[in-house]
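Asker: One structure, as structure tokens, below. Some questions next.
The values are calculated or read from the model by the stated rules, or taken from the named source; none is laboratory data. What you see is a predicted model; the values in this text were computed from it and never measured. Note: ideal-geometry Cβ built from the backbone for every residue, glycine included; neighbour counts use all protein chains shown. Areas reflect the complete protein model, heavy atoms only, side chains present, ligands, DNA and RNA absent. Shrake-Rupley method; radii C 1.70, N 1.55, O 1.52, S 1.80 Å.
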Amino acid sequence: MHSRLYRPLYRSLSSSARILESANSQTLAAKVAPIEPVAPVAPRRRVGGIRGGIFGFLFGFSLASAFASYALLDEYRLASTILQSSVHELQTSTQKVSAHIRRIETVEKELKALAERTAEKNEVTKLRGEMKQLYDGLHIEFLDLRSHVWGLKQDLHKLTKEKDAVEISQ
């Protein structure tokens, strides 16, 4: 559309340029070096529609495949990282559970050893009864010994009185 608008303007400019050129052609010809012939340019081969479509399809497909593979590898890396962190957390929790199990086993062994060394209620009751019997037996013996000493003291006291009475009477 622009070319239609500017065509008349272009024609008028080109005609005025031709007029100026013919007037100055003699002076310009002396100033401008002669133009050497240039080798003809090979005509440009046009890419056909089918060949261009195939090329465009393959280029688009390879570009989309590259993007998809990049996205897939990125997602795979992310999933792998998440899986590794999950495995690490699982390993840590497994070690904690193992440590707790070892502590529980140690406590169970200590409890079993204490249970073997401690007396049961009926054993304590039996030992208490035996101690009471021993204490009562010792108390009775103590009282017997005390009464025996008291008797000896009385006999000694009697003897001393009789001896004093015999000495006084003499």
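Asker: Could you name the aspartates and glutamates whose alpha carbon sits less than 20 Å from that of Lys132, not counting residues in the same chain fewer than 8 places away?
Answerer: Partners found: Glu120, Glu123, Glu141, Asp144.
Asker: Can you return the aspartates and glutamates within cross-link range of Lys158? Criterion is Cα-Cα under 19 Å, with same-chain partners fewer than 8 residues away left out.
Answerer: Glu167
Asker: Follow-up question, since we're still on this one. Enter the Cα centre distance for the pair the stretch 67-85 and the stretch 99-126, rounded to the nearest angstrom.
Answerer: If we compute the Cα centre of each part, the gap is 54 Å.
Asker: Still on this structure, I have one more. Provide the net charge surrounding His139, with neighbours chosen by a C-beta distance below 12 Å and charges set as Lys +1, Arg +1, Asp -1, Glu -1.
Answerer: Local charge sum for His139: -1.
Asker: Given the options His100, Ser80, Leu90, identify the residue whose Cα lies farthest towards the positive end of the charge dipole of the stretch 76-125 (+1 on Cβ of Lys, Arg; -1 on Cβ of Asp, Glu).
Answerer: Ser80
Asker: Could you run the Karplus curve 6.51 cos²θ - 1.76 cosθ + 1.60 with θ = phi - 60° over the stretch 98-104 and give me ³J(HN,Hα) per residue in whole Hz, x for Gly and Pro?
Answerer: 4, 5, 5, 5, 4, 5, 4
Asker: Moving on to the next point. Starting from the Cα gyration tensor of the stretch 90-167, multiply each eigenvalue by 5, take the square root, and state the resulting semi-axes largest first in whole Å.
Answerer: Values for the stretch 90-167, descending: 71, 13, 5 Å.
Asker: Rounded to the nearest 20 debye, what is the charge dipole size of the stretch 36-95 about its Cα centre when +1 sits on each Lys and Arg Cβ and -1 on each Asp and Glu Cβ?
Answerer: Charge dipole of the stretch 36-95: 540 debye, to the nearest 20.
Asker: Accessible area per residue of the stretch 32-145 at 1.4 Å probe, in Å²?
Answerer: The answer is 100 Å² per residue.
Asker: With r as the distance between the Cβ atoms of Glu110 and Glu89 and R0 = 22 Å, compute the FRET efficiency 1/(1 + (r/R0)^6) and round to 0.05.
Answerer: It comes out at approximately 0.10.
Asker: Could you give the size of the charge dipole of the stretch 80-170 about its Cα centre, using +1 on the Cβ of each K and R and -1 on the Cβ of each D and E, expressed in debye and rounded to the nearest 20?
Answerer: 300 debye
Asker: Treating cross-link reach as a plain straight distance, find the lysines whose alpha-carbon is under 18 Å from the alpha-carbon of Lys112, omitting any fewer than eight places away in the same chain.
Answerer: Straight-distance partners of Lys112: Lys121.
Asker: Solvent-accessible area of Glu116, probe 1.4 Å, all protein chains present, reported in Å² to the nearest ten, please.
Answerer: 140 Å²
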